[in-house]
1. Would you mind checking the radius of gyration and Dmax of the range 179-246 based on alpha-carbon positions, in Å?
2. Sort CYS99, CYS55, CYS203 by Cβ crowding within 10 Å, fewest neighbours at the top.
3. Tell me, ASP197, ASP171 in order of fewest to most beta-carbon neighbours within 10 Å?
4. Report, in listed order, any pair from LYS45/LYS135; LYS45/LYS237; LYS189/LYS237; LYS9/LYS72; LYS9/LYS145; LYS72/LYS145 with a Cα-Cα distance greater than 26 Å.
5. Which ³J(HN,Hα) values in Hz, rounded to whole numbers, follow from the phi angles of the range 196-206 under the Karplus curve 6.51 cos²θ - 1.76 cosθ + 1.60, where θ = phi - 60° and Gly and Pro get x?
6. Just going by the charge dipole of the chain, with Lys and Arg at +1 and Asp and Glu at -1 on Cβ, which of PRO137, GLY44, GLY54 is farthest out on the positive end?
7. To the nearest 20 debye, what charge dipole does the range 170-245 have about its Cα centre, counting +1 at the Cβ of each Lys and Arg and -1 at the Cβ of each Asp and Glu?
8. To the nearest 500 deg cm²/dmol, what mean residue ellipticity at 222 nm is calculated for the chain from DSSP H runs of n ≥ 4 alone, each contributing -39,500 (n - 2.57), summed and divided by the residues?
Amino acid sequence: MNHHTLEVKNLQHIYPDGTVAIRDVSFYITNGESVALIGANGAGKSTLLHHLNGCLEATSGQIRIGNILLTKESLPDIRRRVGMIFQNPDDQLFMPTVCEDVAFGPLNLGLSECEVDLRVTEALNQVGAGHLRSKPPYHLSGGEKKRVAIATVLAMSPDILVMDEPTSGLDPYARRQLMGLMRGFYHTKVITSHDLDMVMDICERTIVLHNGTVMADGPTNEIFRNDTLLSACRLEKPFSLQGCPICSRVVT
């Protein structure tokens, strides 16, 4: 079985107040793809993302990881295969030290102390945070917290990485570091972001959501050159495609 693929079929989510956040959403992501989910605020991105490892339960529709259908019974297995990295790293870091945070997941898998220590070391080294293992998370910078939050997920050896606004709140240096780290991941990746230049750089495919529906799904370069689509979905081109407003002025 190939657990690196992800299929969403006719997904719908209606909140208790009657708000329809996701409407008949379907797509298929193959092994190793890096796919962005973009849209204006309220488009349904975060709601959709939180379905991919069972943080939210769909009103209707199906999600399949490889050949495993997401159900209440398969949820523990799904969560081992789909690693979720939340927008705010403080939602994932709650132990006294970085080492204990990264070890938390593997310990709950029932792994031996030796295997847990190996996973912690490998995950922290992979994100360039080995020197932080003894530090309290609340002493870390925003960029360091992001790295450690990613390490907590990598220590679980997931097949798929799901990332919600990974570059939000980072200064330019920390953003560049994180993007370099993301390029080195060979996992299947699903990323939501308003950082469209990051999307251009990291994701070869983009899915556009608008009012809870899929408005477009295709190569990222083509999506961002479709002015009609972007305008209809309340999106702007990445800065790298907008050109310099001063240089583009016509001299009369």
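1. My reading of the Cα-based Rg and Dmax gives 12.7, 41 Å.
2. Ascending number of Cβ neighbours within 10 Å: CYS55, CYS99, CYS203.
3. Details: ASP197 17, ASP171 11.
If I rank by nearby Cβ atoms, fewest first, I get ASP171, ASP197.
4. LYS45/LYS135; LYS9/LYS145; LYS72/LYS145
5. So the Karplus estimates, Gly and Pro as x, are 6, 5, 5, 4, 4, 7, 9, 10, 7, 10, 9 Hz.
6. GLY44
7. Values: 8 positive and 9 negative charges, 27 e Å.
Taking the Cα centre of the range 170-245 as origin, the dipole is about 120 debye.
8. On the way: 10 runs with 83 residues, N = 252.
Roughly -9000 deg cm²/dmol at 222 nm, from the helical runs in the chain.
Any read-out appearing in this document is the output of simple, stated calculations on the displayed coordinates, not a laboratory observation. What you see is a predicted model, and the numbers here were worked out from it, not measured in a lab. Neighbour counts are summed over all protein chains in view; Cβ atoms, including those assigned to glycine, are modelled from backbone coordinates with ideal geometry.
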